[in-house]
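All of the numbers you see were taken from the coordinates with simple rules; none came from a lab. All figures in this text were calculated on a predicted structure; none of them were measured in a lab. FYI the Cβ positions are ideal-geometry reconstructions off the backbone, even for glycines, and counts take in every protein chain you see.
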Amino acid sequence: MENLFENIAHAAGAESFVDLLTRPGLRIERIVSTGQATPPGQLLKQAWDEWVLLLTGAAGLWMGGANERRLAPGDHLLIHAGRPHRVTWTDPGRETIWLAVHMDRGQGVGP
């Protein structure tokens, strides 16, 4: 048994990405942000669906064709494969912990 809120390693200025479970066509990941955002002008676009749940902290998320959304603990959404998006900000004063579920659409489930 493990706890999502324990054993969080912090690298200076870097986000933490930990795979919690991997199966063919599925990857569940914990992401810990401490003020990071997608670099300006860069968009993320992936070949798999990603469902994200914000567990702690706060964040801003922009998705192509929509306004920026402010996420608070408990907020979750599905980012469809191929949809451009970016994290515009995360709370620099506390940990922002995400649970991300990556689901295969025939192209693999990420790095």
| request: Measure off 7 Å from each Cα along the Cα-to-Cβ vector at residue 69 and residue 51, then give the distance between these two points in nanometres to one decimal. | output: 1.3
| If you take the square roots of the eigenvalues of the alpha-carbon gyration tensor of region 16-103 and sort them as a ≥ b ≥ c, do you get rounded (a/c under 1.5), prolate (a/b over b/c) or oblate? | oblate
| query | From the backbone phi of region 67-75, what are the Karplus-calculated ³J(HN,Hα) couplings (6.51 cos²θ - 1.76 cosθ + 1.60, θ = phi - 60°) in whole Hz, Gly and Pro given as x? | reply | 6, 4, 10, 8, 9, 10, x, x, 6
| said: Could you order the peptides 62-73, 44-55 from most to least packed, using the average number of other C-beta atoms within 10 Å per residue? | reply: 44-55, 62-73
| query | Measuring from label point to label point, each 7 Å out along Cα→Cβ, what is the residue 16 to residue 3 span in nm? | reply | 1.3
| remark: So residue 91 and residue 62, fully extended at 0.36 nm per residue minus their Cα-Cα distance, gain in nm 8.9 nm
| field | ³J(HN,Hα), Karplus 6.51/-1.76/1.60, whole Hz, each residue of region 17-29, x for Gly, Pro | value | 10, 10, 6, 8, 7, 10, 9, x, x, 8, 9, 10, 9
| said: If neighbour count is taken as other Cβ atoms inside 10 Å, put 32, 101 in order from fewest to most. | reply: 101, 32
| message | How would 102, 80 line up from fewest to most surrounding beta-carbon atoms within 10 angstrom? | response | 80, 102
